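Please read the structure below before turning to the comments.
The values are calculated or read from the model by the stated rules, or taken from the named source; none is laboratory data. Keep in mind that what you see is a predicted model, and the values were worked out from it rather than measured. So basically every Cβ, Gly included, is an ideal-geometry build from the backbone, and we count neighbours across all protein chains shown. All accessible areas refer to the heavy atoms of the entire protein, side chains included, with ligands and DNA or RNA removed. Shrake-Rupley method; radii C 1.70, N 1.55, O 1.52, S 1.80 Å.
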Amino acid sequence: QVQLVESGGGLVQAGGSLRLSCAASGGTFSSYSMGWFRQAPGKEREFVAAISWSGSSSNYADSVKGRFAISRDNAKSTVYLQMSSLKPEDTGVYYCAEAGVRFTTRAAEYRYWGQGTQVTVSS
């Protein structure tokens, strides 16, 4: 029923920026928390950022705090991740996810996941 499609990934040099988008369909987008997670080569999937149902609250992993910004446009059923001052350590597959509650950073509470978009940061 719910489908999430990420876009905007690519190859950038260290210090550069990328803006990821996630378009949702088939659900009640504005009622739930949205999150971004990533998986680096050889690593476990980790939390990156989350935003509440209304967009009034957000939370970030310490590793990206001050560099990444999550936002949402409920009228367009889209969530964004603005990534700045990128580092090689940011390389990985980035996944968009929709939760079943208003606001959460817990992966277990995210019920729907996109296919991911590759982000590669060169040095």
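All Cα-Cα separations within the range 64-123 were binned at 5 Å from zero, giving a P(r) of 4, 14, 21, 27, 21, 10, 3, 1, each value a whole percent of the pairs. The accessible area of PHE103, taken with all protein chains in place and a 1.4 Å probe, comes to roughly 90 Å².
Ligands, DNA and RNA excluded, the heavy atoms of ASP73 present near 50 Å² of accessible surface to a 1.4 Å solvent probe.
Would you mind working out the magnitude of the charge dipole of the chain relative to its Cα centre, with +1 at each Lys and Arg C-beta and -1 at each Asp and Glu C-beta, to the nearest 20 Debye?
120
Normalised by 2.2 N^0.38 Å, where N is the number of residues, the C-alpha radius of gyration of the range 47-90 stands at 1.20.
May I ask you to give the solvent-accessible area per residue for the chain, in square angstrom, as obtained with a 1.4 angstrom probe?
Per residue, the chain has 50 Å² of solvent-accessible surface.
Computed over the chain, the percent of Cα pairs more than 21 Å apart is 30. Across all Cα atoms of the range 1-62, the radius of gyration (one decimal) and Dmax (whole number) stand at 13.5, 38 Å. Straight-line cross-link partners of LYS43 among the aspartates and glutamates, defined as a Cα under 19 Å from its Cα and at least 8 positions apart when in the same chain: ASP62, GLU89, ASP90.
The label point for ALA75 and the one for ARG45, both projected 7 Å from the Cα toward the Cβ, are 3.2 nm apart. Across the options VAL12, ALA107, GLY27, the greatest Cα extent toward the positive end of the charge dipole of the chain (unit charges at beta carbon of Lys, Arg, Asp, Glu) belongs to GLY27.
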